[in-house]
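Comments concern the structure below.
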Amino acid sequence: MRRCVRDLGRQPIADRDRQRLFWLLAPAVVAIALLLLATRPTRPAGVARQQTIQTTTSARATAPTQPTVTRPTAGPAPAASATPLQAARAFLQGYVALLYGQARRPQLADATPQLSHALLDQALVVPPAQRRLHPLVLSRTASRAGSGWRVQAAVADGGVAHYPIALDLTHAAGGGWLVSGVS
């Protein structure tokens, strides 16, 4: 049997067999490409980068057919939460709403002043399709990271896959915890 297959492999392909092979393989390649495209994980525009993000932005309402360009506004001094998970929950509420353009002036609670000031330097474009999604923070887990904490959150927006958001938290001067970085 192996010898027969080896002999067939050494023979050139005839023109009619080449065309038949093409018409058999072309739909398979297209089907695989469509399957990969349909199951590709999606991320909001602000989460797509893997680098540490020290900025976030706020959303402005525009016509539903145009992308939304968002700019942050300065807020009051942060009030630190008692535990890292409480700080992460408070921050994520505003941050996720910001990523999806669902807050006119999002409140990024429990963020350090440095993070809040860095937010003023960046604009975020939120496509209309992303605005219509309903993101949900599924889980939050905290682990020690040096003198602070790292909180991993899983977010779902109704798409095929969930995506992670990592928060770095530092101890506030007056006690409690503040978010100092997002990645």
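The values are calculated or read from the model by the stated rules, or taken from the named source; none is laboratory data. It should be emphasised that the depicted structure is a prediction, and the values quoted were computed from it without experimental measurement. Heads up, the Cβs are rebuilt from the backbone with ideal geometry, glycines too, and the neighbour counts pull from every protein chain shown.
Number of residues in the stretch 156-183 that are touching a His at 6+ places or on another chain (Cβ under 9 Å) and surrounded by fewer than 14 Cβ atoms within 10 Å (Cβ to Cβ): the value is 1. Among the residues here, Pro64 does not qualify as closer than 26 Å to Arg131 by Cβ, modelled with pLDDT of 50 or more and either surrounded by fewer than 17 Cβ atoms within 10 Å (Cβ to Cβ) or in contact with a Gly (Cβ under 6 Å, 6 or more places away or on another chain) (or both).
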